[in-house]
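This report concerns only the one structure given below.
The values are calculated or read from the model by the stated rules, or taken from the named source; none is laboratory data. Small disclaimer: the values here were computed from a predicted structure and weren't measured. Note: ideal-geometry Cβ built from the backbone for every residue, glycine included; neighbour counts use all protein chains shown.
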Amino acid sequence: MSRFSHLSRRQFLRVLGGSVPAATVGAMAGLPALVSGCERSVVASPSPAEDRHPLRLAPEIEPQNLTLTAAPGTADVGGGVEAPVWKLNESLPSPLLRVRQGDRFRVTMRNDLPQDLILHWHGLAPPDDMDGHPRFAVPPGGSYAYDFSVEDRPGTYWYHSHTHMHTGEQTYRGIGGLLLVDGDEEEGLGLPGGEREIPIILQDRRLGGDGTPVYTPFGPDRMAGYMGPEPFGNGIRRPYLEVDSGLYRLRVLNGSNARIFRLARSDGRPLILIGNDGGLLEEAQTVASVEMGPAERVDILLNLDGAEPGEVVMIRSVSFSLQGGMGFMGGANLQGQPLDLLELRVRERAPESPSLPTRLSTVGGPDPGQAVRERSFRFDSRMMNHFINGRSFQMDRVDVEVPFGDTELWHFVNASGLPHPVHLHATHFRVVSRRGGRNRVMAWEEGLKDTVLLLPFETVTVAVRFTAHRGLYLLHCHNLEHEDMGMMANVLVV
Ligand SMILES: [Cu+2]
């Protein structure tokens with residue numbers, strides 16, 4: 001599928017938007033008819049209200065002269081169930097780090113876990129010794145000092161463990177949080193803030209007999225990755241949140257190890273997509289649903305204008321099937337199954353939401369027309385092993401050397417029947433095309449991305465350019481079990 005047909009999709013959406021008088025997001029949001037007929041979500045009955053628990057919001061901290069201590073502990077994961085978890089600064093979810101573009105990021109990580117640890121600032125482009133490459137993992141009792149300037153676009157980033165062969169376990173147990181970068185451009189738009197901004201980490205969990213999350217990857221989990229049937233939000237099982245009518249900004253991270261979510265509203269109204277991994281899109285887009293692989297983020301406006309007190313709107317993952325995908329036993333069967341993720345309970349009527357500009361930002365980034373080189377990366381899963389270009393990760397082997405500043409086209413080839421969310425460190429890329437499978441660039445893949453989902457047998461081409469720093473970085477699958485089993489490559493920017 002070419003760039004051309006990708007553009008026609010955008011024009012199509014713009015034509016739809018153009019039919020709206022005043023062409024404002026507020027107005028667009030009030031017109032669910034925009035998406036009627038396309039991908040209408042399956043509406044199932046929500047979980048019983050008594051089995052839902054109040055969403056917890058992470059404490060917000062500025063990453064300036066901050067110490068983050070990782071240690072085992074316990075946390076209420078909903079309904080008073082106290083679970084053994086690993087926490088940063090005694091918090092589950094990990095603290096939300098909030099920084100302004102251009103500010104200094106000074107954090108000392110202290111490791112009081114019983115195993116090695118290093119943290120990665122996912123989506124940021126710091127110098128390579130600040131990026132959390134696993135070669136910098138520190139032993140129990142050790143610490144690591146991070147100090148760099150945040151030059152990245154405002155947006156929804158996150159951070160998590162990046163310890164080789166332990167990333168899946170450590171992230172699952174709780175070592176990971178959101179990292180929001182603020183900036184002037186965003187603030188001028190009048191997007192919902194304060195109580196109307198909801199940062200949320202969505203995850204799936206498998207529970208043990210005592211109702212607490214367990215991480216026990218066996219046989220089939222080594223192929224499909226570790227999945228569970230229980231939805232968690234910000235560390236709380238089956239969360240709900242009390243809201244008023246009007247407009248909300250939902251900043252969503254798929255923090256699952258392996259699970260893909262296809263987000264939609266239970267009332268069939270559209271999601272208004274304003275941003276993704278690399279910050280704001282150029283223009284808002286209305287979509288019926290959004291697919292998110294592990295580590296992907298979306299910035300969504302949720303219009304609850306006209307919602308009545310007592311009304312309930314569920315944010316759910318609707319069912320989907322992986323065409324051409326492998327069938328597996330156990331947890332793997334969960335991929336594509338519906339999950340009710342976050343229940344919104346309307347408390348009071350509030351004034352109608354304000355109109356927002358349709359044009360949000362100028363994105364920039366690498367231009368595929370300027371590419372001087374092409375490379376292919378083949379993601380393959382065979383015999384309980386996961387490879388990039390036939391090789392398994394080695395800490396001290398450089399797999400690819402990329403000249404600083406050059407624009408290149410990278411073809412990510414999924415040669416397997418499993419999904420692979422592919423993540424590149426130290427820069428953002430533009431998704432140029434997708435061949436096979438869905439065969440097109442999705443609305444939420446516009447703008448800049450650091451992670452792109454490859455469904456079975458898809459090939460995704462991206463335009464890549466490193467402009468921040470030279471040094472040793474990583475390209476890997478963000479299915480954390482795949483990553484831990486070596487689906488990772490060292491990328492040296494020279
Ligand atoms: Cu993978």
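Restricting 392, 416 to residues that are more than 23 Å from the chain's Cα centre (by Cα) and of a type in the set (Ser, Thr, Tyr) narrows the list to 392.
Residue-wise test of (1) assigned to a strand (DSSP E or B); (2) assigned by TED's automatic domain parsing to the domain that holds residue 208; (3) surrounded by 14 or more Cβ atoms within 10 Å (Cβ to Cβ).
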{"residue": "67", "(1), (2), (3)": "yes, no, no"}
{"residue": "71", "(1), (2), (3)": "yes, no, yes"}
{"residue": "75", "(1), (2), (3)": "yes, no, yes"}
{"residue": "78", "(1), (2), (3)": "no, no, yes"}
{"residue": "83", "(1), (2), (3)": "yes, no, yes"}
{"residue": "93", "(1), (2), (3)": "no, no, yes"}
{"residue": "98", "(1), (2), (3)": "yes, no, yes"}
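Within the option set 418, 475, being within 13 Å of the ligand (Cβ to nearest atom) and more than 23 Å from residue 396 (Cα to Cα) holds for one residue only, 418. Restricted to strands (runs of 3 or more DSSP E) entirely inside segment 109-174, those with at least 3 residues that are surrounded by 22 or more Cβ atoms within 10 Å (Cβ to Cβ) are 119-122, 155-161. In the set (1) in a loop (DSSP other than H, G, I, E, B); (2) away from the ligand (no atom under 16 Å from the Cβ); (3) under 23 Å from residue 164 (Cα atoms); (4) not hydroxyl-bearing (Ser, Thr, Tyr), the condition left unmet by residue 393 is number (2). Count of segment 193-223 residues, restricted to those that are among the polar types (S, T, N, Q) and surrounded by 17 or more Cβ atoms within 10 Å (Cβ to Cβ), is 2.
Please identify the pairs in which a residue from segment 182-205 that is farther than 21 Å from residue 353 by Cα has its Cβ atom under 7 Å from the Cβ atom of a residue that is of a type in the set (Val, Ile, Thr), counting only partners at least 6 apart or on another chain. Matching pairs, first to second residue: 200/252; 202/252. Quick check on my filter: what residues within segment 421-467 are within 29 Å of residue 384 (Cα to Cα), hydroxyl-bearing (Ser, Thr, Tyr) and either more than 16 Å from the ligand (Cβ to nearest atom) or touching an Asp or Glu at 6+ places or on another chain (Cβ under 8 Å) (or both)? If the condition is that a residue be within 29 Å of residue 384 (Cα to Cα), hydroxyl-bearing (Ser, Thr, Tyr) and either more than 16 Å from the ligand (Cβ to nearest atom) or touching an Asp or Glu at 6+ places or on another chain (Cβ under 8 Å) (or both), then 451, 461 are the ones that fit. Listed by position, the strands (runs of 3 or more DSSP E) enclosed by segment 429-494 that each have at least 2 residues that are outside the structural domain of residue 296 (by TED's automatic domain parsing), over 26 Å from residue 204 (Cβ atoms) and of a type outside the set (A, V, I, L, M, F, W, C) are 430-435, 459-464, 471-477. For segment 274-287, a residue qualifies if it is farther than 18 Å from residue 182 by Cα and buried (at least 22 other Cβ atoms within 10 Å of the Cβ), and the qualifying residues are 284, 285, 286, 287. Restricted to segment 396-415, and to residues there that are of a type in the set (Val, Ile, Thr) and surrounded by 19 or more Cβ atoms within 10 Å (Cβ to Cβ), the residue that is nearest to the ligand (Cβ to nearest atom) is 413.
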